[in-house]
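Engineer: Here's a structure for you.
The values are calculated or read from the model by the stated rules, or taken from the named source; none is laboratory data. Predicted model only: the values in this text are computed from it and were never measured. All Cβ positions, even for glycine, are placed from backbone atoms using ideal geometry, and neighbour counts span all protein chains on display.
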Amino acid sequence: MKQRDLLELIVLAAVWGASFLFMRLGIGEFGPIPLATVRVIGASLFLMPVLLLRGEWPALRQHWKPILLVGLTNSAIPFLCFSFAAQSITAGLSSIFNATTPLWGALIAWAWLKDKLDRWRVLGLVIGFAGVFSLVWDSAGFKPGAGPDGDGAGNGHLWAIGACLLATLLYGFSASFTKKKLTGVPPMALAAGSQLGSAAALVVPGLWLWPAQMPGAGAWGAVLGLALLCTGVAYVLYFRLIAHVGPANAISVTFLIPAFAVLWGVLFLHEAITGAMVIGCAIILVGTALTTGVLKPGALMLKLRRA
């Protein structure tokens, strides 16, 4: 990976990590559905001109039905889930659960697409989901003093954690569906089309549930940052990375997002970092590294034997 590509990877992780911060800043005044609605409408307005300039509108028109489904499962519903979770749990904790996406992706690809899972990938799945269990146990009120703030109110966070895991499950499904139904479709057609489809799905409930009091400038700034920077610009950066360094290297952004999300939460929201969060995050990331092949103990053992 060239130095410029590495810099773009770090910038992308910082931007996607900031999405959890922006959701926390905007959720109180917008509510989950209006917040997700503004996010996808803003992203659509940003990405559609890029799509048209690249001349990829015909691809979107040809494949609009499966792209619409991807919009629902990869944007509309997950964005709603994370917006809902932002009402109850910290930005850092949401981002750690978001890092389970490759685990669900590998499991669904094995069950649906018959992708092979060697012993190290299976071990990675076991380790990763063990990390999820440890975080749920600590954060959802199954022991005294649970909860991200250590206030014993963890029972109220169980639905938020479930929403995060549903979102990542849908992300995993979307990856396999895209591979099966949309291989060869230009990436920008997928990105812009999925946001447009999400906007079409959310605009009516978003307007119906629009807050009675108009959100303030700070909340609007957070949600526009979420839409334009963390969704629109982030998609462009992500697909640039895929083109330059390949999907396997681009997916390594997953490992950096929680670090930035926790950092932004500490700096701007004064969120606490607990030992359980650090340990659970480390376990999940080790499992994800094994599952995605970033960490290859088998290859390392073979080299050591040859040496």
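Engineer: Do any helices (runs of 4 or more DSSP H) entirely within the range 53-142 hold 2 or more residues that are more than 20 Å from Val223 (Cβ to Cβ) and not acidic (Asp, Glu), and if so, which?
Structural biologist: So the answer is 57-62, 64-71, 91-98, 101-112, 119-139.
Okay, residues lined up against (1) crowded, with 19+ Cβ neighbours inside 10 Å; (2) farther than 27 Å from Thr100 by Cβ; (3) at pLDDT 95 or above:
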| position | (1), (2), (3) |
| --- | --- |
| Ala167 | yes, no, yes |
| Gly172 | yes, no, no |
| Thr178 | yes, no, no |
| Leu190 | yes, no, no |
| Gln195 | yes, no, yes |
| Ser198 | yes, no, yes |
| Val204 | no, yes, yes |
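Engineer: Return the total of residues in the range 57-75 being crowded, with 23+ Cβ neighbours inside 10 Å and within 16 Å of Cys164 (Cβ to Cβ).
Structural biologist: Qualifying residue count, the range 57-75: 2.
Engineer: Going residue by residue through the range 48-62, is there one that turns out to be in contact with a Leu (Cβ under 6 Å, 6 or more places away or on another chain) and of a type in the set (D, E, K, R)?
Structural biologist: no
Engineer: Okay, next question. I'm trying to understand the selection: among the residues of the range 194-247, which are in a loop (DSSP other than H, G, I, E, B) and more than 16 Å from Phe79 (Cβ to Cβ)?
Structural biologist: Trp210, Pro211, Ala212, Gln213, Met214, Pro215, Gly216, Gly246
Engineer: Residue by residue through the range 206-219, note down the ones that are in contact (Cβ under 8 Å) with a residue 12 or more places away in the chain and either of a type in the set (A, V, I, L, M) or buried (at least 24 other Cβ atoms within 10 Å of the Cβ) (or both).
Structural biologist: Those that are in contact (Cβ under 8 Å) with a residue 12 or more places away in the chain and either of a type in the set (A, V, I, L, M) or buried (at least 24 other Cβ atoms within 10 Å of the Cβ) (or both): Leu207, Leu209, Ala219.
Engineer: Give me the pairs, please: first residue somewhere in the range 229-242 and buried (at least 22 other Cβ atoms within 10 Å of the Cβ), second residue anywhere and basic (Lys, Arg) and assigned to a helix (DSSP H, G or I), beta-carbon distance under 8 Å, and either six or more positions apart or on two chains.
Structural biologist: As it stands, the answer is Thr231/Arg39, since those pairs meet every condition given.
Engineer: Then there's this: Taking Val278 as the residue in question, decide whether it is surrounded by fewer than 15 Cβ atoms within 10 Å (Cβ to Cβ), farther than 12 Å from Val15 by Cα and among the β-branched types (Val, Ile, Thr).
Structural biologist: So Val278 fits the description; yes.
Engineer: Would you point out the residue of the range 93-106, among those that are of a type outside the set (S, T, N, Q) and in contact with a Pro (Cβ under 7 Å, 6 or more places away or on another chain), that is farthest from Thr254 (Cα to Cα)?
Structural biologist: Restricting to residues being of a type outside the set (S, T, N, Q) and in contact with a Pro (Cβ under 7 Å, 6 or more places away or on another chain), the top hit is Leu93.
Engineer: Would you mind finding the one in Ile27, Ile10 that is more than 14 Å from the chain's Cα centre (by Cα), buried (at least 18 other Cβ atoms within 10 Å of the Cβ) and touching a residue at least 12 places away in the same chain (Cβ under 8 Å)?
Structural biologist: Ile27
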